[in-house]
Structure formats: C-alpha cells, structure tokens
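Here the structure comes first, spelled out in structure tokens, and everything after it is commentary.
The values are calculated or read from the model by the stated rules, or taken from the named source; none is laboratory data. From a predicted model like this one, the values you see are computed outputs, not experimental measurements. All Cβ positions, glycine included, derive from the backbone under ideal geometry; neighbour counts span all protein chains shown. Ligands, DNA and RNA are stripped out before the accessible areas are found, and what is left, the full protein with its side chains, is counted by its heavy atoms. Shrake-Rupley method; radii C 1.70, N 1.55, O 1.52, S 1.80 Å.
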Amino acid sequence: MNRARYLLRRLLQALLALFIIATLLFFLFRLGLPDPTAALITEGLSLEEREMVRARFGLDRPLFEQYLIYLGNIVQGDFGFSFSYRAPVADIIWERLANTLVLMLSAILIAYAIGVPLGAWLSWRRGSGTDTAGIILGLMFRSAPMFWTGMMAILIFGVSLGWFPTSGMRTLPYEATGFFDKIFTLDFLAHLILPALIVALYYLGSPLLIMRNTMMEVYGEDFIEMARAKGLPERRILYHHAARNALLPVVTQLAVTIGLAAGGQVVVEVVFSWPGLGREILNAVRTSDFPLAQASFLIMAAFVITLNLLVDILYTTLDPRVTLQ
Amino acid sequence: MKPLPILSTLLLPVALLTTPVLAQQRVAPVELITTTEAYDPIRYEAAFIIAEAWRELGLDVTVRPTEFRTALDRFYGNQDFDAVILGWSGRVDRLDPQFFLGTLDSRQSELGGNNPGGYINPEYDALYDAQSQQFDPDNRRDIVWEMQELYMPDIPTVVLFHRDEVVAYNHNTFTDIPVMAGEGLYSEWTPLQARPLTDRAVLRIGGPQEPDNVNPLDSTSVWGWKWMRMYYDRLVRLSADVEPVPWAAVEVTAVDETTVDVTLREGMRFHDGEPVTAADVAFTFNYYMTQDYSYFNAYLAPLAAVEQTGELSVRFTLSEPSAPFAIITLSQIPILPRHIWESIDNPGELSPEDIPTVGSGPLRFERHDRGEFMSLSRNDDHFSAGTVALEGVEFIIYADMEGVFTGLLTEQIDMTAWRMEPGQIPLAEAEDHLTVISVPDFGYFHLTYNLRREPFNDRAARRALTMAMDRERMVNVLLDGRGEVGTTVVAPVNAFWHNPFTERFDYDMDAARAELETAGYTWDAEGRLLRP
C-alpha cells in the first residue's frame, strides 16, 4: 500500500469519526440538557414570549429538521448562532481557543521540557532515594486536584506574597485589542505564570513516569550492552542511545495531551478566571447553549483526531520498524 | 415473560383485598421538588427540614432535588408537581406590588403563567384589577393590603424567607456608595453618588455574571440591563426608596385615567452629539412595540399609542388605566437615538460589533470584552455631570465568586456586584479595608402547593403543613441569621405596600395537628395520615 492511499484512508476514517461525534453531540445535548429558554421564566417572560424566543432559536422545528440544518451548516464551516450571546459561535470560539492554547501549550512545554530529561535521569538513578522522591512527587501533582493546587498557589503567591496576579490574562484597563498585542507583554507573562505552572505540575507526571519506565526497558536491550562494551561513558549511553529509543511512547502521550489541550483545563480556567474555551464550555452547558456547546466539543474532537493522525504518520519516521503495512 | 401473568393472577386477589382499605384512607404520597445541593444548598436543606416535619404529621414525602431549569419547566411549563421550592428575584421594578400580587391571579394559572399553583379566587382577581387601575397611592395601598389579608388564610404559596444580599466594598478607596434593596451596591445610583478617596476616580466592580449581550432589543438578562441602564437614560428613575423621580422627563402628568403627558428636559444630547427630542422618545416606545421584544412586553402591555405632541412633549395613551405605568414602564424603557435605530429592521439579529451603544446617559459606553472586562466613562455633557465625582466605571468579569473575593482581598476591585458566598462573609469582615453590608431583599424563596392535587387541594391540609415549617430555624441555621422569615408575597422591606397584620403561620406542630383533626383527618396505628 502506498503512502498516499494510506493517508487517504486515514483521512476518511477521521471524517467519519467527526461525523459520528457531531451527530452524538447534537442529540446528546438536546436529550440531556434542559430547555435553554426555561431560565427566561424567572425573568418574568410568559409562555408566548418564551415560544417567540424558541422560534428565533429554531427550537420549534422538528428535531430531525434541526439536525439536517445543523449538519449542512457544519459542512459549510458555520457553527450557528450562540443562544446566550446572540453572536456567531465561530467568533466566540476562535478567540477563546487561542487563549486556551496559549495557556495549555506553555504548560505542556514546561511539563515535557522538565519531565522527559528528569524521567531519563531518574531511570539512571533507579532504586535510589532520588528515584523514589521523583516518582512520589510526580504522582502527587498528578493526583492532587487542580482546584486545590490552584487555590493554594493563589493564596500563597497571589494574596500573601503578592508576587503574581491571580485572575484574568492582563491588568485592566488595557489598550491592546489584537491577539498578538495582547500576549506579547510582560504583564501577560505575569498573569500566565501561576495557571501555567499549576497545569504543568499536573502534566509533569506522565512524561516523567513514561520516560523512566521505557528507559528501564531499553536498558535491557542488546545495543545498550553493546554500547557499554564499547566503553562509552554512561551519560552518553543514557542520552544518546537509550533516551532516543525511549521517546516513542512519550511522543504519543504528548500528541494526546496536545489534542486534549483544546478543551483546556476547565478547573484551572475557572480558578484563575482565564477567559478560555474550558470556561466557555462550562457556561454553554450551564445555559443549554446548544450551538456553542456542540461547536466547542466538536473542535476538541477534531483536535484529538487530527493529532492522532499526525502521530501515526510521525511514527513511521521516528521508528523505522513501524511501516505502512 | 411467561411467569408474569401467573404471578399477577396469584397476586390480584390479594391486591383487591388489601388496597381498597389503604388506598381510600391514606393520604397520597407527595413529592417535594427543590434545587440540587450544588445549585443552591439553602433551598436543598430547607426541603429536608420541611419534609422531616411533614413526616412527623404522617405524610409520606419524597424530596426530589432537581436540576434548576428542569425544575422551572416542571413548575411553570408543565405544572407537573405536588409542591415546589423555588424563588423570585427582587428586580427593582418588582417593588411595585403588581408583579408579585399577580403570581396569585387566577388568570395567570394557565400553563407557563406566573401562578402555576393554580390559586383561584374571583374576589382576589377583582381586587387585583382594582388596585392596578387606582391612581391614588393611598387608596391603592388599601386594596393591596386587603389582597394580602384575603389570600393569606388560604396559603396557596408559602413565602419561606427573604435572603439578605451580603456585599462588601473597600472603604479605603471609595465612600458614599448607596445601598438599595434588591440591588445591593451595584445600582444605577452608585456611579452618580460614590466618591473616590484616592487619586483613582474609576470605580472597579467585580462579579461572576456578565451581560448576555448589550443589545437593548435582545438582552434577556438582568445583568445586561444592570449595565445598559448606566449609559441609557430613562424618562423616570426609581430612587433608593423606589419613588419615581423625574429624569429625562421634567414632568409626568396624568391628563386622565388613560392619558399621560410627558415633558422632556431641555438641552439633552446623545453621546454622539445629536439632541434628544420628543421624536426620539416616541420612536423608542413605538419601536419596542413593533419589534415585540419579549423582555419588555409586560411593561409595554398597557400602552396603546405614543405620539410626539411638541419639540419636547410626548403623549402616552393607555388601553386601560394602569397605576404602575409611571413606576414600571417609564422607568425601564431606555431612550434610543432615532437617527441610529430607525434604519435597523431586525435589531435582534445584529452581530455584536454592529450593536449601537449610543445613549444619552450619565456614562458613556467604552468597551465590553467578553469574559474579561467592561468599562464606561463619565459623560461630561449630561445634566447630572456636575455632581458626579467618578470619572468612570470598570467591571471585571470573574469565572466565579471565589475569584471575585480574591479580587476584593488583593484590592483589584473596589466592590462586589453580587452577593458573597456564606463562607466568605466572616473572612471579609476580618479584613481591615473592607466594609460588609447586609441588604434586605424583597425577592423571596417560596414553597408553592399544587392546588389541583391531593392533599394540597384542601385548605386545611395546606394550613397545617405550613404551620409545620420551622422557618425561623431556616433563617438562623441556613442563612446564618442573614435574612427574614417570609410573610406575604409583598416583603416587609417594601414597607409601604406590605401588610403587617396578616395571619403569620408560626411554627407550631400542635396547632398543625389540631388543624388536621378539626378538618377530620385521622392517623392509623403507625402514625400515617388518613383522609377525612
């Protein structure tokens, strides 16, 4: 099978997966969430007035008709109109997605930049006190709830020490409106540090442990024995021979992590009032804003599927043993 | 599937023998719908306190915590409930008794109406019409008092309690922040009266809620209007004591029962420099009526026609006499610039960047960055500008109340827009720079009986079950004493309209039992309540 045909097949599979997810999302939200106009009652709207709003949202049409319109629009890249904001969903989502990705990618970068070499180093010191301490620390941050670590960080570094701002992305009032004007400032960096660190600490465990464990397996391989026999220094064997071969599972994990990053970490975004997609998803579900919720989850799914596809392709380059057959 | 018919034939005679006796005698089990603990722990706990006492009276009760909007739909949309605990928020325009009294009007008892319990009392309805057409406030008050006295012994709905809104502000940065019932610190008077104590004359407000949008023909949330009313003028404003005070109007005259003449203030201008004239006012009201904007429909209902009668004078014609017209309608509808809106045919479909934000109010719209920040600046051309000490207002949008509270601690914000969580109140009180204020509310939490269903169709049962509610304990334990036990649907804080001399239904289990006994209820050997 040649590469092009393989890619085409994988692409079609990905599209099918997206279609199924889009369908599931549509029906799941409509069946699972209460009527989006129910909350208008406490605002004093009568039944007829509620029906007017329902008609404007298109909710008075048969479910299947709504579904067809929805599919048709998605194919044209139109995610519809948000019920609560009365604005095109795409406008809301792209802005929020960008905010989330800045936070998540910084966190993932920190986590992997520290986690991978640290994991390799721990495997070298296996069985020692350092190794045990490293594992415990990694597991601890992996299992500590982020709302707690986040609030502790706010309490210590924000409230008591006053070193870092505790909420939002920038100090108000501000002038910048463009996305890049917004993020290339020291002020933005100051706002980013705490939430990014909290997410990074949470993510740190995966690359750390995966790297350490795969390294241990690689140590048993013949080529390591060979390298030792050649008299290469242990450090060189560790980073040049063993680590390169242990990277594969880490890359998979990295791709999955980046894929899931699109949805953000809802908890961190709420604790730090970060205006990202995760916070928006929460609002969308809370208010039964179907178009916004559907589109957010669809984008997350698209991210995961795309990155999985990329990894599969990348694998063939990273590891010659993986072929297209 | 086979064994089933055999089983049921075996059981049938037994069922026939035992059920008639029980089914005819025992009071049917009831379901009490309340919010989930996560949504509101107070209403959730209140339901258990009530259910416990009802069980003591021998009633079979199941508490059903329900997702909030599902609960709303079961209550209003389908009227599919036995008893429900929900609430009404205290919006300023509800200080006029019209709205809350209407929740017991039989004409609002159809599906989706505001009287889902189905209280039907023709005498009450007649009084409701009479008060709504009575222009003289003292005469109107007599009728309003009579209505409260009339419905209370029937107790179709129980006002459980009014919860104080506990808010805080930084007294080192600002002073003279007015406090308003139902609004707390974030009222439309705050930017006009607050005075800065430092060089920064921009008041920073923090809150977890943000406007759904700032389209005056589309927003359907209190938070949208709390923001917009600061940069749009209304003809009349409600004072902190809920007296209508002339604002963009200098004079409001009732010519007869259905005709109101309004004279506009001279020299007003919109933020883009155009003058505010009677044409703008007439246009605005007619525009709202033709656009059928659902949020204002109730306010505009009594209005038949609005016409410009001079450069600065407008005549409102009502379809029937309406006492709350000046308080509710004239104080809620913002004056829109005709030269901007007259060319917009479908204002509900404006995309966010196209929504006009030009008003004539004491503040000007500056920006709204969704999820982050909103700001307004002082309008130096406004007639009130001479007395305004603030240069602007900023609103920082947080994800939750925890973020707002941290903002208050780190002096990022000067005041909260919304009530604090119970746990935050003592922490705020311990801070040197914060002043904590309890503002009584005229909105309320209620338990409403479904009068179409047994046993709540029986007045005596309702009376007894109400006497079994320890509302004092709810206020002391659940609200930490920050609230007031409910009486009638018109709150005690609404002093002019509230009738303090109605039946109170204090907690008394013996009286509850006596009430049931008098009505012929009995108890079986296990203490279960039996029908009369």
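Before moving on, here are some points about what is shown:
- Which numbered condition residue B:396 fails, given (1) at the interface with another protein chain (Cβ under 10 Å from one of its Cβ atoms); (2) out of contact with any Leu (no Cβ under 9 Å at 6 or more places or on another chain); (3) of a type in the set (A, V, I, L, M): (2)
- Helices (runs of 4 or more DSSP H) fully within the stretch A:207-325 counting 3 or more residues that are more than 14 Å from chain B (Cβ to nearest Cβ) and closer than 24 Å to residue A:109 by Cα: A:243-261, A:290-318
- Selection status of residue A:226, within 25 Å of residue A:134 (Cα to Cα), at pLDDT 80 or above, out of contact with any Gly (no Cβ under 6 Å at 6 or more places or on another chain) and not small (Gly, Ala, Ser): no
- Residue within the stretch B:427-434 that is surrounded by fewer than 20 Cβ atoms within 10 Å (Cβ to Cβ), more than 14 Å from chain A (Cβ to nearest Cβ) and over 30 Å from residue B:463 (Cα atoms) present: yes
- Residues (polar (S, T, N, Q), closer than 16 Å to residue B:248 by Cα and in a strand (DSSP E or B)) located in the stretch B:307-329: B:308, B:313
- Residue, farthest from the other protein chains (Cβ to nearest Cβ), within the stretch B:55-78, restricted to residues that are under 19 Å from residue A:35 (Cβ atoms) and among the aliphatic types (A, V, I, L, M): B:71
- The stretch A:63-88 - residue that is small (Gly, Ala, Ser) and within 12 Å of chain B (Cβ to nearest Cβ) and, of those, surrounded by the most Cβ atoms within 10 Å (Cβ to Cβ): A:82
- Verdict on residue A:167 being crowded, with 21+ Cβ neighbours inside 10 Å, within 12 Å of chain B (Cβ to nearest Cβ), under 30 Å from residue B:347 (Cβ atoms) and of a type in the set (Ser, Thr, Tyr): no
- The residue that is farthest from the other protein chains (Cβ to nearest Cβ), among those in the stretch A:144-164 that are open to solvent by 50 Å² or more (accessible area, probe 1.4 Å) and in contact (Cβ under 8 Å) with a residue 12 or more places away in the chain, is A:145.
- Any hit, the stretch A:117-128, residues being touching a residue at least 24 places away in the same chain (Cβ under 8 Å), open to solvent by less than 70 Å² (accessible area, probe 1.4 Å), aromatic (Phe, Trp, Tyr) and assigned to a helix (DSSP H, G or I): no
- For the stretch A:186-223, residues that are more than 19 Å from the chain's Cα centre (by Cα), of a type outside the set (Gly, Ala, Ser) and open to solvent by 60 Å² or more (accessible area, probe 1.4 Å) total 8.
- Taken residue by residue, the stretch A:94-101 has at least one member that is assigned to a helix (DSSP H, G or I), open to solvent by 30 Å² or more (accessible area, probe 1.4 Å), within 30 Å of residue A:209 (Cβ to Cβ) and of a type outside the set (Asp, Glu).
- Only a single item in (1) farther than 23 Å from residue B:349 by Cβ; (2) at pLDDT 95 or above is not met by residue B:232, and it is number (1).
- Residue check for residue B:89: surrounded by fewer than 23 Cβ atoms within 10 Å (Cβ to Cβ) and more than 19 Å from residue B:161 (Cβ to Cβ): no
- Of the helices (runs of 4 or more DSSP H) entirely within the stretch B:51-157, those holding at least 2 residues that are more than 20 Å from residue B:35 (Cβ to Cβ) and in contact (Cβ under 8 Å) with a residue 60 or more places away in the chain occupy B:98-102, B:122-132, B:137-151.
- Qualifying residue in the stretch B:363-372 (condition: among the basic types (Lys, Arg), closer than 22 Å to residue B:204 by Cα, in a loop (DSSP other than H, G, I, E, B) and open to solvent by 10 Å² or more (accessible area, probe 1.4 Å)): yes
- Lone unmet requirement of (1) surrounded by fewer than 19 Cβ atoms within 10 Å (Cβ to Cβ); (2) touching a Lys or Arg at 6+ places or on another chain (Cβ under 9 Å) for residue A:276: (1)
- Scanning the stretch B:215-262 for residues being within 14 Å of chain A (Cβ to nearest Cβ), over 20 Å from residue B:283 (Cβ atoms) and not aromatic (Phe, Trp, Tyr) gives a total of 5.
- Pairs with Cβ under 7 Å, 6+ apart, first in the stretch B:322-343 and farther than 17 Å from residue B:297 by Cβ and open to solvent by less than 40 Å² (accessible area, probe 1.4 Å), second among the aromatic types (Phe, Trp, Tyr) and not in a helix (DSSP H, G or I): B:323/B:135; B:335/B:232; B:337/B:270
- Among (1) open to solvent by 40 Å² or more (accessible area, probe 1.4 Å); (2) over 30 Å from residue A:193 (Cα atoms), the one test that residue A:91 misses: (2)
- Against the test of being under 21 Å from residue B:459 (Cα atoms) and open to solvent by less than 20 Å² (accessible area, probe 1.4 Å), the options B:46, B:53 yield a single qualifying residue, B:53.
- The numbered conditions (1) open to solvent by 20 Å² or more (accessible area, probe 1.4 Å); (2) at pLDDT 95 or above are all true for residue B:156 except (1).
- Scanning the stretch B:279-288 for residues that are away from every other protein chain (no Cβ under 14 Å) and assigned to a loop (DSSP other than H, G, I, E, B) turns up nothing.
- Of the residues B:210, B:149, B:123, B:188, the single one that is surrounded by 17 or more Cβ atoms within 10 Å (Cβ to Cβ) and at pLDDT 90 or above is B:188.
- Residue A:112 passes every criterion in (1) in a helix (DSSP H, G or I); (2) not assigned by TED's automatic domain parsing to the domain that holds residue A:314 apart from (2).
- When the residues of the stretch B:344-362 are filtered to those that are surrounded by fewer than 16 Cβ atoms within 10 Å (Cβ to Cβ) and part of a loop (DSSP other than H, G, I, E, B), the one that is farthest from the other protein chains (Cβ to nearest Cβ) is B:345.
- Residue B:95 satisfies every condition listed in (1) more than 13 Å from chain A (Cβ to nearest Cβ); (2) modelled with pLDDT of 90 or more except (2).
- Scan of the stretch B:283-300 for residues that are in contact with a helix residue (DSSP H, G or I) (Cβ under 9 Å, 6 or more places away or on another chain) and either open to solvent by 40 Å² or more (accessible area, probe 1.4 Å) or of a type in the set (A, V, I, L, M) (or both), ordered by number: B:289, B:291, B:292, B:298, B:300
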